[in-house]
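Please read the structure below before turning to the comments.
The values are calculated or read from the model by the stated rules, or taken from the named source; none is laboratory data. All of these numbers come straight from a predicted model, not from anything done at the bench. Note that each Cβ is placed from the backbone with ideal geometry, even for glycine, and that neighbours are counted across all protein chains shown. Note: accessible area is taken over every heavy atom of the protein model, side chains too, but ligands, DNA and RNA are not part of it. Shrake-Rupley method; radii C 1.70, N 1.55, O 1.52, S 1.80 Å.
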Amino acid sequence: MKKKLLSMALVAMMVAAMFSACGKKESTGMTVNDGVLTMATNAYFPPYEYYEGEEIVGIDADIAKAIADKLGLELKIEDMEFDSIITAVQTGKADMGLAGMTVTDERKQSVNFSDSYATGIQVVIVTEDSDIATVDDLAGKKIGVQLATTGDIYSKDDFGEENVEEYNKGADAVMALKQGKVDAVIIDNEPAKSFVKANEGLKILDTEYVTEDYAAALNKDNTELLDAVNKALAELKEDGTLQSIIDKYIPAE
């Protein structure tokens with residue numbers, strides 16, 4: 001009887017393994033669920049990611065699509081709060097995070113990062129009549145940031161947590177600036193230009209706050225996917241696709 005039960009258990013395990021394998025696609029040693037590459041992002045960061053109708057478009061979306069094509073996978077984009085992206089990658093809800101995300105030592109403790117695909121510059125937005133002329137003038141001022149971004153992290157270190165107001169979206173921080181709730185907003189240069197263009201009475205300071213590298217965040221246990229993404233990025237850089245995507249959204253001035 002015990003042998004029969006053991007035999008039945010082994011058969012059940014083999015069947016379960018077969019079904020599990022059917023739900024995954026292997027490509028050059030890399031495994032993803034159902035042949036779909038799931039990208040986590042926060043789609044309110046133009047021109048890296050934003051909505052065009054009901055579709056998420058932008059630099060990161062196009063780069064992710066190019067990577068997925070290289071790997072023979074279908075791309076799926078999941079929109080979520082920025083501070084949920086790393087958790088989504090850690091738990092397997094998403095295969096990678098692309099969201100204008102800066103490589104930092106703190107984030108490296110939670111995820112692996114691909115090679116950098118773009119350089120970001122953090123800048124300061126103020127009202128046109130503001131007395132803030134340089135980054136040094138931010139001392140003692142109320143600063144608006146997007147929650148969990150490097151603008152949030154760095155400004156707390158430089159100006160004190162008591163002077164930093166966090167918002168779920170960069171656009172919310174900009175609205176708070178217009179309403180006089182904060183004195184300045186620290187955010188990436190490209191979204192900053194979009195926000196200033198869309199809102200009269202705002203400007204970007206001439207001085208940069210910080211320069212940083214953007215990369216894709218991937219699960220620490222999925223080193224095969226990390227290698228595959230890096231290989232795809234190298235090929236996209238080599239054939240000019242990466243630069244053409246960036247130029248599409250950020251024309252040379």
Legend entry - region 89-236 - share of DSSP beta bridges that are antiparallel (%, nearest 5): 75
Inset, instruction - Calculate for the chain the 222 nm mean residue ellipticity that helices alone would give, adding -39,500 (n - 2.57) per DSSP H run of length 4 or more and normalising by residue count, nearest 500 deg cm²/dmol. - result: -12000 deg cm²/dmol
Legend entry - Dipole magnitude of the chain, debye to nearest 20 (Cβ charges: Lys/Arg +1, Asp/Glu -1, about Cα centre): 1680
Legend entry - Helix 189-198 axis, angle to the chain major axis (alpha carbon atoms, nearest 10°): 60
Inset, instruction - Enter the angle in degrees (range 0 to 90, nearest 10) between the Cα long axis of helix 223-238 and the first principal axis of the Cα atoms of the chain, meaning the one along which they spread out most. - result: 60
Legend entry - Surrounding net charge for residue 135, when Lys and Arg each add one and Asp and Glu each subtract one, Cβ distance under 11 Å: -4
Inset, instruction - Using a 1.4 Å probe over the heavy atoms of the protein chains, calculate the carbon and sulfur portion of the accessible area of region 96-163 as a whole percent. - result: 40
Legend entry - Positive-end residue, the chain charge dipole about Cα centroid, Cβ charges, pick of 199, 250, 57: 57
Legend entry - Label point distance in nm, residue 109-residue 239, each placed 7 Å from Cα along Cα→Cβ: 4.0
Inset, instruction - Past 22 Å, Cα to Cα, is the threshold; run 178/203; 76/231; 65/193; 108/193; 142/203 against it and keep the listed order. - result: 65/193; 108/193
Legend entry - FRET efficiency for residue 76 and residue 207, using Cβ-Cβ distance with R0 set to 41 Å, rounded to 0.05: 0.55
Inset, instruction - Quote the relative contact order of region 139-214 in percent (integer), defining contacts as alpha-carbon pairs under 8 Å separated by 6+ residues. - result: 31
Legend entry - For the chain: relative contact order, % (alpha-carbon pairs under 8 angstrom, 6 or more apart): 24
Legend entry - Solvent-accessible surface (1.4 angstrom probe) belonging to residue 113, in square angstrom, nearest 10: 30
Legend entry - Surface accessible to a 1.4 Å probe, per residue, for the residues of region 26-92, Å²: 43
Inset, instruction - Would you be so kind as to identify which of 139, 72, 177 lies farthest towards the positive end of the dipole of region 68-197, taking Lys and Arg as +1 and Asp and Glu as -1 on Cβ and the Cα centre as origin? - result: 72
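Working out 0.36 nm times the residue gap between residue 54 and residue 200, then minus their Cα-Cα distance, what length gain in nm do you get to one decimal?
Result: 49.9 nm gained on full extension.
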Legend entry - Given charges at Cβ of Lys, Arg, Asp, Glu: the chain dipole, positive-most of 114, 154, 127: 114
Inset, instruction - Determine the per residue accessible area of region 127-225 with all protein chains present and a 1.4 angstrom probe, expressed in square angstrom. - result: 48
Legend entry - DSSP bridge orientation in the chain - percent antiparallel, rounded to nearest 5: 65
Legend entry - Within the accessible area of region 175-239 (1.4 Å probe), percent carbon and sulfur: 44
Legend entry - Only Lys, Arg (+1) and Asp, Glu (-1) charged, at Cβ; region 68-162 dipole about Cα centre in debye: 420
